[in-house]
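**Student:** Here's a structure for you.
The values are calculated or read from the model by the stated rules, or taken from the named source; none is laboratory data. Bear in mind the structure is a predicted one, so any value in this text is a computation, not a measurement. A quick note on method: Cβ atoms are made from the backbone with ideal geometry, for glycine too, and the neighbour counts reach across all protein chains shown. Surface areas here come from the heavy atoms of the whole protein model, side chains and all, with no ligands, DNA or RNA. Shrake-Rupley method; radii C 1.70, N 1.55, O 1.52, S 1.80 Å.
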Amino acid sequence: MDPVYARVPSALPYCFAAIESTKGRATVYLPDRLTPATKLWVFLHGYGGNFLWYQHYLSERFPDRVILCPAYGISGGAMPAGYVREAQAQLGWKPGKDPDLMGLSAGGFGASVIFNSSPSDFSSLLVLAAYPPAAVETSILRKANAAFLAGDQESFVLDGRWRRWQEVQRRRPKGGAGFSLIAGGGRFFMLSHPDETTAWLREKLK
(Lines give C-alpha, C1' and ligand atoms only; values in the text may rest on other atoms or scores of the structure.)
Protein backbone atom coordinates (compact mmCIF):
# COMPACT_ATOMS: atom_id res chain seq x y z
CA MET A 1 0.00 0.00 0.00
CA ASP A 2 3.01 2.32 0.36
CA PRO A 3 3.24 4.34 -2.89
CA VAL A 4 7.05 4.30 -2.87
CA TYR A 5 7.61 0.67 -1.95
CA ALA A 6 4.88 -0.43 -4.37
CA ARG A 7 7.27 0.59 -7.18
CA VAL A 8 10.32 -1.22 -5.78
CA PRO A 9 11.07 -4.55 -7.50
CA SER A 10 11.19 -7.57 -5.22
CA ALA A 11 14.58 -9.07 -4.35
CA LEU A 12 13.09 -12.55 -3.95
CA PRO A 13 13.56 -13.69 -7.58
CA TYR A 14 17.26 -12.87 -7.11
CA CYS A 15 17.41 -14.63 -3.74
CA PHE A 16 15.70 -17.79 -5.05
CA ALA A 17 17.31 -17.93 -8.51
CA ALA A 18 18.29 -21.44 -9.62
CA ILE A 19 21.55 -20.09 -11.05
CA GLU A 20 23.88 -18.22 -8.70
CA SER A 21 24.35 -14.63 -9.82
CA THR A 22 27.78 -13.17 -10.52
CA LYS A 23 26.59 -9.79 -9.24
CA GLY A 24 25.45 -8.71 -5.82
CA ARG A 25 22.17 -7.00 -5.06
CA ALA A 26 21.02 -4.61 -2.39
CA THR A 27 18.04 -2.36 -1.72
CA VAL A 28 18.80 1.11 -0.35
CA TYR A 29 16.52 3.54 1.44
CA LEU A 30 17.61 7.18 1.29
CA PRO A 31 15.99 9.86 3.47
CA ASP A 32 14.63 13.01 1.86
CA ARG A 33 17.59 15.00 3.11
CA LEU A 34 21.19 13.91 3.62
CA THR A 35 23.43 15.81 6.03
CA PRO A 36 26.94 15.22 7.43
CA ALA A 37 25.19 13.77 10.49
CA THR A 38 23.15 11.21 8.52
CA LYS A 39 23.90 7.67 9.70
CA LEU A 40 24.00 4.41 7.78
CA TRP A 41 22.30 1.23 8.92
CA VAL A 42 23.28 -2.11 7.35
CA PHE A 43 20.56 -4.75 7.71
CA LEU A 44 21.08 -8.48 7.09
CA HIS A 45 17.93 -10.43 6.24
CA GLY A 46 16.89 -13.74 7.76
CA TYR A 47 16.13 -17.10 6.18
CA GLY A 48 13.64 -16.84 3.32
CA GLY A 49 15.17 -14.00 1.31
CA ASN A 50 15.39 -10.24 1.49
CA PHE A 51 11.76 -9.19 1.95
CA LEU A 52 10.88 -5.53 1.34
CA TRP A 53 8.83 -5.39 4.50
CA TYR A 54 12.06 -5.39 6.54
CA GLN A 55 13.22 -2.16 4.97
CA HIS A 56 9.76 -0.61 4.95
CA TYR A 57 9.41 -1.29 8.67
CA LEU A 58 12.78 0.30 9.46
CA SER A 59 12.44 3.31 7.14
CA GLU A 60 8.97 4.10 8.49
CA ARG A 61 10.35 4.27 12.04
CA PHE A 62 13.81 5.66 11.27
CA PRO A 63 13.20 7.95 8.25
CA ASP A 64 16.38 9.98 8.77
CA ARG A 65 18.76 7.04 8.29
CA VAL A 66 20.22 5.52 5.16
CA ILE A 67 19.26 1.83 5.28
CA LEU A 68 21.26 -0.62 3.19
CA CYS A 69 19.78 -4.13 2.83
CA PRO A 70 22.10 -6.51 0.95
CA ALA A 71 20.44 -9.63 -0.48
CA TYR A 72 22.39 -12.88 -0.25
CA GLY A 73 20.54 -15.91 -1.51
CA ILE A 74 17.93 -17.44 0.76
CA SER A 75 19.78 -16.75 4.03
CA GLY A 76 21.71 -13.78 5.36
CA GLY A 77 23.39 -16.14 7.79
CA ALA A 78 26.15 -16.98 5.31
CA MET A 79 26.76 -13.44 4.06
CA PRO A 80 30.53 -12.73 3.94
CA ALA A 81 32.01 -9.56 5.40
CA GLY A 82 33.52 -8.76 1.99
CA TYR A 83 30.07 -8.82 0.40
CA VAL A 84 28.82 -6.25 2.93
CA ARG A 85 31.87 -4.05 2.33
CA GLU A 86 31.29 -4.20 -1.43
CA ALA A 87 27.65 -3.18 -0.96
CA GLN A 88 28.76 -0.17 1.09
CA ALA A 89 31.38 0.71 -1.52
CA GLN A 90 28.80 0.59 -4.32
CA LEU A 91 26.63 2.89 -2.27
CA GLY A 92 29.53 5.33 -2.20
CA TRP A 93 29.01 5.92 1.49
CA LYS A 94 31.59 8.06 3.24
CA PRO A 95 30.19 8.40 6.75
CA GLY A 96 31.70 10.48 9.47
CA LYS A 97 30.87 7.59 11.77
CA ASP A 98 30.93 3.87 11.14
CA PRO A 99 27.54 2.31 10.33
CA ASP A 100 25.44 0.22 12.67
CA LEU A 101 25.06 -3.46 11.73
CA MET A 102 21.78 -5.24 12.33
CA GLY A 103 20.68 -8.81 11.63
CA LEU A 104 17.34 -10.58 11.91
CA SER A 105 17.08 -14.29 12.75
CA ALA A 106 19.58 -16.10 10.45
CA GLY A 107 20.89 -12.66 9.49
CA GLY A 108 21.61 -12.12 13.16
CA PHE A 109 24.00 -15.06 13.11
CA GLY A 110 25.67 -13.68 9.99
CA ALA A 111 25.88 -10.19 11.44
CA SER A 112 27.47 -11.54 14.63
CA VAL A 113 30.19 -13.33 12.67
CA ILE A 114 30.89 -10.26 10.50
CA PHE A 115 30.95 -7.94 13.51
CA ASN A 116 33.31 -10.26 15.33
CA SER A 117 35.72 -10.40 12.37
CA SER A 118 35.75 -6.63 11.72
CA PRO A 119 34.40 -4.78 14.78
CA SER A 120 36.14 -1.52 13.81
CA ASP A 121 33.96 -1.33 10.68
CA PHE A 122 30.76 -0.81 12.69
CA SER A 123 29.55 1.35 15.58
CA SER A 124 27.31 -1.34 17.00
CA LEU A 125 25.77 -4.76 16.49
CA LEU A 126 22.02 -5.19 16.96
CA VAL A 127 20.58 -8.69 16.68
CA LEU A 128 16.87 -9.52 16.56
CA ALA A 129 15.39 -13.01 17.04
CA ALA A 130 18.80 -14.72 17.23
CA TYR A 131 21.63 -15.38 19.66
CA PRO A 132 25.46 -15.42 19.61
CA PRO A 133 26.69 -18.26 17.34
CA ALA A 134 28.88 -20.77 19.15
CA ALA A 135 31.87 -19.99 16.93
CA VAL A 136 32.03 -16.37 18.13
CA GLU A 137 30.06 -16.54 21.38
CA THR A 138 32.96 -15.90 23.76
CA SER A 139 34.17 -12.87 21.83
CA ILE A 140 30.73 -11.37 21.19
CA LEU A 141 29.77 -11.64 24.86
CA ARG A 142 32.66 -9.31 25.71
CA LYS A 143 31.51 -6.51 23.40
CA ALA A 144 29.56 -3.75 25.12
CA ASN A 145 28.39 -2.37 21.75
CA ALA A 146 26.56 -5.61 20.90
CA ALA A 147 22.92 -6.12 21.89
CA PHE A 148 20.42 -8.94 21.39
CA LEU A 149 16.61 -8.80 21.46
CA ALA A 150 14.31 -11.83 21.38
CA GLY A 151 10.74 -12.78 22.14
CA ASP A 152 10.36 -14.63 25.43
CA GLN A 153 8.54 -17.47 23.63
CA GLU A 154 11.57 -18.38 21.51
CA SER A 155 12.94 -21.91 22.01
CA PHE A 156 16.42 -20.63 22.91
CA VAL A 157 14.85 -18.51 25.65
CA LEU A 158 12.56 -21.21 27.00
CA ASP A 159 15.35 -23.80 27.17
CA GLY A 160 17.48 -21.61 29.44
CA ARG A 161 20.24 -20.56 27.05
CA TRP A 162 19.23 -16.88 27.17
CA ARG A 163 19.40 -16.89 30.95
CA ARG A 164 22.88 -18.42 30.79
CA TRP A 165 24.16 -15.60 28.56
CA GLN A 166 22.63 -13.03 30.88
CA GLU A 167 24.34 -14.63 33.86
CA VAL A 168 27.68 -14.52 32.05
CA GLN A 169 27.20 -10.80 31.53
CA ARG A 170 26.27 -10.14 35.14
CA ARG A 171 29.53 -11.72 36.26
CA ARG A 172 31.62 -9.45 34.02
CA PRO A 173 32.82 -6.40 36.00
CA LYS A 174 33.22 -4.34 32.82
CA GLY A 175 30.01 -5.49 31.19
CA GLY A 176 29.54 -6.78 27.68
CA ALA A 177 26.77 -7.57 25.22
CA GLY A 178 23.21 -6.83 26.33
CA PHE A 179 20.25 -9.23 26.26
CA SER A 180 16.63 -8.05 26.29
CA LEU A 181 13.27 -9.80 25.90
CA ILE A 182 9.90 -8.88 24.41
CA ALA A 183 7.15 -10.24 26.68
CA GLY A 184 4.81 -12.51 24.74
CA GLY A 185 6.94 -12.27 21.60
CA GLY A 186 7.70 -15.07 19.19
CA ARG A 187 10.00 -15.08 16.15
CA PHE A 188 8.21 -12.18 14.41
CA PHE A 189 7.93 -9.75 17.32
CA MET A 190 8.87 -6.94 14.92
CA LEU A 191 5.32 -7.29 13.59
CA SER A 192 3.44 -8.41 16.69
CA HIS A 193 5.17 -5.91 19.04
CA PRO A 194 6.28 -3.03 16.77
CA ASP A 195 6.26 -0.31 19.42
CA GLU A 196 8.35 -2.30 21.90
CA THR A 197 10.83 -3.24 19.16
CA THR A 198 11.12 0.35 17.97
CA ALA A 199 11.64 1.63 21.51
CA TRP A 200 14.49 -0.86 22.03
CA LEU A 201 16.13 0.11 18.76
CA ARG A 202 15.89 3.82 19.56
CA GLU A 203 17.51 3.24 22.94
CA LYS A 204 20.40 1.29 21.41
CA LEU A 205 20.95 3.79 18.59
CA LYS A 206 21.31 6.88 20.79
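**Student:** Could you check how much of the accessible area of the chain is carbon and sulfur, as a whole percent, using a 1.4 Å probe?
**Tutor:** Values: 5690 of 10490 Å².
For the chain, the apolar C and S fraction of the accessible surface comes to 54 percent.
**Student:** Please list 72-78, 23-29, 103-109 highest first by mean number of surrounding beta-carbon atoms within 10 Å per residue.
**Tutor:** On the way: 72-78: 21.1, 23-29: 16.0, 103-109: 25.6.
Answer by packing, highest mean first, reads 103-109, 72-78, 23-29.
**Student:** Would you mind putting 58-64, 123-129 in packing order, based on average other-beta-carbon counts within 10 Å, highest first? Mind showing how you got there, number by number?
**Tutor:** Values: 58-64: 16.0, 123-129: 23.6.
Output ranking for 58-64, 123-129: 123-129, 58-64.
**Student:** Read phi for every residue in segment 6-21 and hand back ³J(HN,Hα) as whole Hz from Karplus 6.51 cos²θ - 1.76 cosθ + 1.60, θ = phi - 60°, with x for Gly and Pro.
**Tutor:** 5, 9, 7, x, 5, 8, 5, x, 5, 5, 9, 4, 5, 10, 5, 6
**Student:** Another question, if that's okay. Give me, ordered by chain and number, the residues 5 or more places off Ala130 or on other chains with an amide H under 5 Å from its own placed amide H.
**Tutor:** When sequence neighbours closer than 5 places are left aside, the close amide H contacts are Ser105, Leu149.
**Student:** Check which residues have an amide H placed less than 5 Å from Phe179's amide H, if you skip close sequence neighbours.
**Tutor:** Amide H neighbours of Phe179, under 5 Å, 5+ apart: Phe148.
**Student:** Still on this structure: Counting only heavy atoms of the protein chains, get the accessible area per residue of segment 70-206 (1.4 Å probe) and round it to a whole Å² value. Present the calculation step by step, with values, prior to reporting the outcome.
**Tutor:** Values: 6370 Å² over 137 residues.
Dividing the accessible area of segment 70-206 by its residue count gives 46 Å².
**Student:** Convert each backbone phi in segment 73-84 into a coupling constant with the Karplus relation 6.51 cos²θ - 1.76 cosθ + 1.60 (shift: θ = phi - 60°), then list the ³J(HN,Hα) values in order as whole Hz, x for Gly and Pro.
**Tutor:** Running phi through 6.51 cos²θ - 1.76 cosθ + 1.60 with θ = phi - 60° gives x, 6, 10, x, x, 9, 5, x, 4, x, 5, 5 Hz.
**Student:** Over 10 Å intervals from 0, what percent of Cα-Cα pairs in the chain sits in each interval?
**Tutor:** Answer for the chain: a P(r) of 8, 36, 38, 16, 2, 0 percent.
**Student:** Given the -39500 (n - 2.57) contribution per DSSP H run of 4+ residues, what per-residue ellipticity at 222 nm results for the chain, rounded to the nearest 500 deg cm²/dmol?
**Tutor:** Working: 9 runs with 71 residues, N = 206.
It lands at -9000 deg cm²/dmol.
**Student:** Please tell me the relative contact order of segment 1-157 in percent, rounded to the nearest whole number, where contacts are Cα pairs under 8 Å and at least six residues apart. Before the final figure, lay out the partial values.
**Tutor:** On the way: 292 pairs, mean separation 32.2, N = 157.
The value is 21 percent.
**Student:** Each residue of segment 38-44 in turn: what ³J(HN,Hα) in whole Hz from Karplus with 6.51, -1.76, 1.60 and θ = phi - 60°, glycine and Pro shown as x?
**Tutor:** Karplus values, whole Hz, x for Gly and Pro: 4, 10, 9, 10, 9, 10, 9.
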